[in-house]
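The values are calculated or read from the model by the stated rules, or taken from the named source; none is laboratory data. Predicted, not measured: the structure shown is a model, and the values here were computed from it. Every residue, glycine among them, receives a Cβ derived from its backbone with ideal geometry; neighbour counts consider all protein chains shown. All accessible areas refer to the heavy atoms of the entire protein, side chains included, with ligands and DNA or RNA removed. Shrake-Rupley method; radii C 1.70, N 1.55, O 1.52, S 1.80 Å.
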Amino acid sequence: MATAKTRSSNLRRRLWLLVLLFAALAAVWAAWGEGVRRNAAAATAYGAHVTCSCRYIEGRSLEDCAKDKLDGMEFVRFSEDPEAKSITAMVPFVASDTATWRDGYGCVLKEWES
């Protein structure tokens, strides 16, 4: 049977391990987080534009358009809003971009619309 002192020592050890794990994750994010965000932003902008063009200009299905992903875009997910004729590409919790088909302009990224 464990004593109160042993349980307290185990709890303290677990808390320190959690603090160290959190500190390590924060250090990794600080070192590489900006690069991850920039790469994800580029991948979602590219993916939304290309997939929107594939879907609304070429007329292919969303599943078929997803086959056109480049190497390194494994984490990019696509969703469609058929009524708005738009495609949203996202890397969960990191970046998201939407491209919408506009008559006379083709597929335009949301941030570029006026």
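Ligands, DNA and RNA left out, the accessible area of the chain computed with a 1.4 Å probe is 61% carbon and sulfur. The slack in the chain from L25 to R13, taken as 0.36 nm per residue of separation less the alpha-carbon distance, amounts to 2.5 nm.
Backbone phi angles across the stretch 87-92, fed through the Karplus curve with coefficients 6.51, -1.76 and 1.60 (θ = phi - 60°), yield HN-Hα couplings of 10, 10, 10, 8, 10, x Hz in residue order; Gly and Pro are listed as x. The 3J(HN,Hα) values that the Karplus relation (6.51, -1.76, 1.60; θ = phi - 60°) gives for the stretch 46-60 are, in residue order, 4, x, 5, 5, 5, 5, 4, 4, 4, 6, 9, 9, 7, x, 7 Hz. Gly and Pro appear as x.
Taking each residue as 0.36 nm, the span from D103 to S61 lengthens on full extension beyond its C-alpha to C-alpha distance by 13.2 nm. Taking every DSSP helix (H) stretch of at least 4 residues in the chain, weighting each as -39,500 (n - 2.57) and dividing the sum by the residue count yields a mean residue ellipticity at 222 nm of -18000 deg cm²/dmol. For V94, the amide hydrogen comes within under 5 Å of no other amide hydrogen, counting only partners 5 or more places away or on other chains and with H modelled in the peptide plane. Summing Cβ point charges (Lys, Arg +1; Asp, Glu -1) relative to the Cα centre of the stretch 1-85 gives a dipole of roughly 1000 debye. Listed values for the stretch 99-106 are Karplus-derived 3J(HN,Hα) couplings in whole Hz (6.51 cos²θ - 1.76 cosθ + 1.60, θ = phi - 60°), namely 10, 10, 6, 10, 4, x, 10, x, and x replaces Gly and Pro. Peptides 97-105, 74-82, 48-56, 8-16 ordered by packing proxy, namely the average of other Cβ atoms within 10 Å per residue, highest first: 48-56, 97-105, 74-82, 8-16. Once the 1.4 Å probe is applied to the protein heavy atoms, the stretch 37-114 comes out at 65 Å² accessible per residue. Between K69 and any residue 5 or more places off or on another chain, the built amide H atoms are never under 5 Å apart. Name the shape class, rounded, prolate or oblate, that the alpha-carbon gyration tensor gives for the chain, where a ≥ b ≥ c are the square roots of its eigenvalues, rounded holds for a/c under 1.5, and otherwise prolate holds if a/b is larger than b/c and oblate otherwise. Judged from the Cα gyration tensor, the chain comes out prolate (a/c at least 1.5, a/b above b/c).
Full extension of the segment from L70 to F93, taken as 0.36 nm per residue of separation minus the current Cα-Cα distance, would add 6.2 nm.
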